[in-house]
Amino acid sequence: MIDFTKEETYLATRPPFDRAMTLMADAYRSRKFFELEKDRVFSRSWVCVGYVSQVAQPGDIFLTTVAAQPLMITRDKTDNIRGFYNVCRHRGSRLIDEDGNYESIRCPYHSWRYSLDGSLLSTPFFHAENNSQDDSLVYSDEANNFNKKDFPLFSVHVDIWGCFIFVNLNPNPIPLKEWLGDLPDRLRRYPLKDLGLVARKHYALKANWKIVAENFTENYHLRWVHPRLTQFSKLENKARFQGPGMYNGWCTSPLTPDPTTVDMQLVPHHTLNATEKNSAYFFLVFPNLCLFVLPDHIFALLYQPSETGETQETGDMLVLPSTMNDPDTRHRIGKIHEFWHEVNLEDQEAVERVQKGMAAQVYQGGRMSSQYEEPVHRFQNMVIDCMIGNISIPPGDL
């Protein structure tokens with residue numbers, strides 16, 4: 001019986017990438033591995049769940065899921081973004097069913113009511129001697145030795161980088177700043193804090209989430225799977241671009257203008273230097289955020305595993321909201337989003353083909369291209385570190 005929590009299980013993947021085997025095939029097809037990684041990867045990592053613009057106003061709430069745990073992200077009345085489990089402290093009912101703006105959070109089962117900061121406000125009829133329907137009259141600290149202050153919503157750690165909202169289910173997580181390493185500094189000239197979600201497409205991928213991640217991190221497949229993408233992001237102009245942190249990445253510099261793909265006619269962010277205005281950066285922030293960083297926009301992929309061989313994903317356009325005021329610019333943004341959608345559909349076909357191939361029990365792993373697949377090795381070793389309970393921030397190489 002394989003023990004997926006032991007270092008010796010992964011000895012073949014631990015050597016330098018030019019001598020290493022890929023992660024074992026059971027990591028992509030084993031139900032046991034999938035259940036373990038929900039706890040050891042997704043419950044102990046900083047998982048990106050959405051964007052600040054999704055909770056732009058006090059009272060805004062959006063729903064999400066991490067490691068099969070139902071969560072809600074709120075902006076409270078003091079303008080703080082918070083995260084809570086979507087469960088009532090009374091009898092465990094689901095609280096919120098859809099995104100929206102709420103004055104407070106009321107359980108539809110027994111009408112317990114919570115503030116947007118998670119504190120319990122009222123518990124109707126909870127004191128047996130008082131049958132008033134006025135929330136202000138139906139609570140007594142002495143009733144059943146009960147104190148509302150002891151029953152706030154269950155909270156999760158939330159932190160923000162730019163426009164990105166991250167949550168961590170670990171009670172004592174590594175700080176997000178340490179998790180991201182030098183990536184925020186590398187992108188310091190991009191107006192990340194000001195970007196907003198303006199368009200989104202949903203995908204249901206019949207592939208393990210790690211296949212999705214690994215596909216994003218390597219360039220080996222581009223020539224055959226994405227011939228149009230290589231027209232403006234040429235293989236000969238690509239180089240690894242990753243420092244210390246829980247991420248890996250590539251850079252294309254310079255870009256090659258191609259009006260049939262990303263037309264590059266949007267105005268670049270004025271804060272960028274000359275190189276950044278003619279470059280694209282592709283970063284995977286472990287475990288679930290893929291960033292296509294262009295001079296004028298970001299296309300982001302957010303994914304969550306739903307089953308061993310299934311992944312839910314969104315493809316999101318992030319731009320300065322003010323650019324949406326111009327109809328012509330809005331049209332161009334729509335065309336760019338459609339191009340990234342086509343690229344993602346090409347990837348969907350590729351990753352689903354890999355998942356189908358993984359059903360062959362004779363396949364136990366392969367070798368990696370030294371030119372194009374080092375970030376895959378970096379990613380797989382992050383997974384291994386999580387699985388053995390020894391998360392460590394990998395050093396950079398460029």
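Side notes on the structure shown:
- Screening Val354, Val285, Val293, Val319 for residues that are of a type in the set (A, V, I, L, M) and surrounded by fewer than 19 Cβ atoms within 10 Å (Cβ to Cβ) leaves exactly one candidate, Val354.
- Residue that is part of a loop (DSSP other than H, G, I, E, B) and closer than 21 Å to Glu346 by Cα, where the choices are Thr230, Thr261, Thr271: Thr261
- Search result, residues across the range 238-268 that are modelled with pLDDT under 90 and either surrounded by 14 or more Cβ atoms within 10 Å (Cβ to Cβ) or at positive phi (or both): Thr256, Asp258, Thr261, Val262, Asp263, Met264, Leu266, Pro268
- Screening Ala68 on (1) at negative phi; (2) under 21 Å from the mean Cα position of the chain (by Cα) shows it passes everything except condition (1).
- Scanning the range 19-39 for residues that are more than 10 Å from Phe4 (Cα to Cα) and among the small types (Gly, Ala, Ser), we see that the one that is surrounded by the most Cβ atoms within 10 Å (Cβ to Cβ) is Ala20.
- Among residues of the range 51-81, those that are part of a loop (DSSP other than H, G, I, E, B) and either within 18 Å of Asn170 (Cα to Cα) or hydroxyl-bearing (Ser, Thr, Tyr) (or both), counted: 3
- Residue within the range 213-224 that is β-branched (Val, Ile, Thr) and farther than 23 Å from Asn390 by Cα present: no
- Take the conditions (1) within 28 Å of Ala67 (Cβ to Cβ); (2) without any contact (Cβ under 8 Å) to a residue 24 or more places away in the chain; (3) in a helix (DSSP H, G or I); Glu338 misses just one of them, which is (1).
- Filtered residues of the range 293-307 (kept if within 13 Å of the chain's Cα centre (by Cα) and either outside the structural domain of Ile211 (by TED's automatic domain parsing) or of a type in the set (Ser, Thr, Tyr) (or both)): Tyr303
- When we screen Tyr190, Tyr203 for residues that are of a type in the set (Phe, Trp, Tyr), assigned to a loop (DSSP other than H, G, I, E, B) and assigned by TED's automatic domain parsing to the domain that holds Asn278, the only hit is Tyr190.
- Matching residues in the range 303-341 - criterion: being more than 30 Å from Val41 (Cα to Cα) and of a type in the set (Asp, Glu): Asp326, Asp328, Glu338
- First in the range 72-86 and closer than 13 Å to Ser53 by Cα, second anywhere and among the basic types (Lys, Arg) and at pLDDT 95 or above, Cβ under 6 Å, 6 or more apart: Thr74/Arg82; Ile81/Arg75
- Qualifying residue in the range 308-328 (condition: in a loop (DSSP other than H, G, I, E, B), under 25 Å from the mean Cα position of the chain (by Cα) and within 29 Å of Glu374 (Cα to Cα)): yes
- Within the range 304-349, tally of residues that are among the hydroxyl-bearing types (Ser, Thr, Tyr) and farther than 17 Å from Tyr51 by Cβ: 4
- Scope the range 233-252; condition part of a helix (DSSP H, G or I) and touching a Pro at 6+ places or on another chain (Cβ under 7 Å); matching residues: Asn237
- Sole exception among (1) at pLDDT 95 or above; (2) touching a Ser or Thr at 6+ places or on another chain (Cβ under 6 Å); (3) surrounded by fewer than 19 Cβ atoms within 10 Å (Cβ to Cβ) for Leu205, by number: (3)
- Gln364 vs. criteria part of a helix (DSSP H, G or I), more than 13 Å from Val198 (Cα to Cα) and either of a type in the set (A, V, I, L, M, F, W, C) or touching a residue at least 40 places away in the same chain (Cβ under 8 Å) (or both): no
- Top-ranked residue in the range 154-168 [being of a type in the set (A, V, I, L, M, F, W, C) and touching an Asp or Glu at 6+ places or on another chain (Cβ under 9 Å); ranked as farthest from His90 (Cα to Cα)]: Cys163
The values are calculated or read from the model by the stated rules, or taken from the named source; none is laboratory data. Since this is a predicted model, take the numbers as computed values, not measurements. With ideal geometry, Cβ positions are generated from the backbone for all residues, glycine too; neighbour counts draw on all protein chains shown.
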